[in-house]
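Enquirer: Would you mind keeping the following structure in view while I ask a few things?
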Amino acid sequence: MYRPRFLLIIVEKPFTISAMNDFLLTEYRQALADPSFRLTAERLILKCGVRADLKGSDSLVDAVILYGTDMCSRFCEIYRIIGAVRNVKPKSIMRGISYAITQAFDLSARLSEMIGTTIPPDHVHSGLVIAYLGKLFKNPELSLYA
């Protein structure tokens, strides 16, 4: 008689943050719906050449707001929060943001011009874009957020 040596248990993780209570989710929703935050983040993203008609551009705006307001600084957690707010899987959020970034025309040159440092085109990825745009979001000279 064959007896398996290992027991494989597959646990499916829910795509919402189970530890996130209603109060935190409400706080995140309010921050993401703030008109001045959205206007500032949308301006930064459009300056970089990200097309507004792509589904991931709205998620990128949300990610910049969360990172820029210091509500969250870990990218996986940012994707989870946006997924919980939009009731979508975090992987879908990450894919949408990555797609919006790859479809942007000349993103590395425009972002380099905005931050004053040269970024090679092959080094551009979603974490880098969110981090730099989040830092620009906090800068009172460039944004409405002070």
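Enquirer: For the stretch 52-80, which residues satisfy the criterion of being among the hydrophobic types (A, V, I, L, M, F, W, C), crowded, with 17+ Cβ neighbours inside 10 Å and assigned to a loop (DSSP other than H, G, I, E, B)?
Expert: The answer is L54, C72.
Enquirer: Filter the stretch 110-135 for residues that are part of a helix (DSSP H, G or I) and in contact with a Ser or Thr (Cβ under 8 Å, 6 or more places away or on another chain) and give the result.
Expert: Result: S112, P121, H123, S126.
Enquirer: Which one of these does A146 not meet: (1) at pLDDT 90 or above; (2) open to solvent by 80 Å² or more (accessible area, probe 1.4 Å)?
Expert: Against the list (1) at pLDDT 90 or above; (2) open to solvent by 80 Å² or more (accessible area, probe 1.4 Å), A146 comes up short only on (1).
Enquirer: I need every pair where a residue in the stretch 46-73 that is farther than 17 Å from S108 by Cα has its Cβ under 7 Å from the Cβ of a residue that is open to solvent by 70 Å² or more (accessible area, probe 1.4 Å) and in a loop (DSSP other than H, G, I, E, B), sequence separation at least 6 or different chains.
Expert: Short answer, once both residue conditions are applied: L54/Q103; Y67/S73.
Enquirer: Just need a number here: residues in the stretch 96-109 that are outside any helix (DSSP H, G or I) and surrounded by fewer than 16 Cβ atoms within 10 Å (Cβ to Cβ).
Expert: 3
The values are calculated or read from the model by the stated rules, or taken from the named source; none is laboratory data. This one's a predicted model, so the numbers in the text were calculated from it and none came from an experiment. Virtual Cβ from ideal backbone geometry, glycine too; neighbours counted across all protein chains shown. In case anyone asks, the SASA skips ligands and DNA or RNA and just uses the protein heavy atoms, side chains included. Shrake-Rupley method; radii C 1.70, N 1.55, O 1.52, S 1.80 Å.
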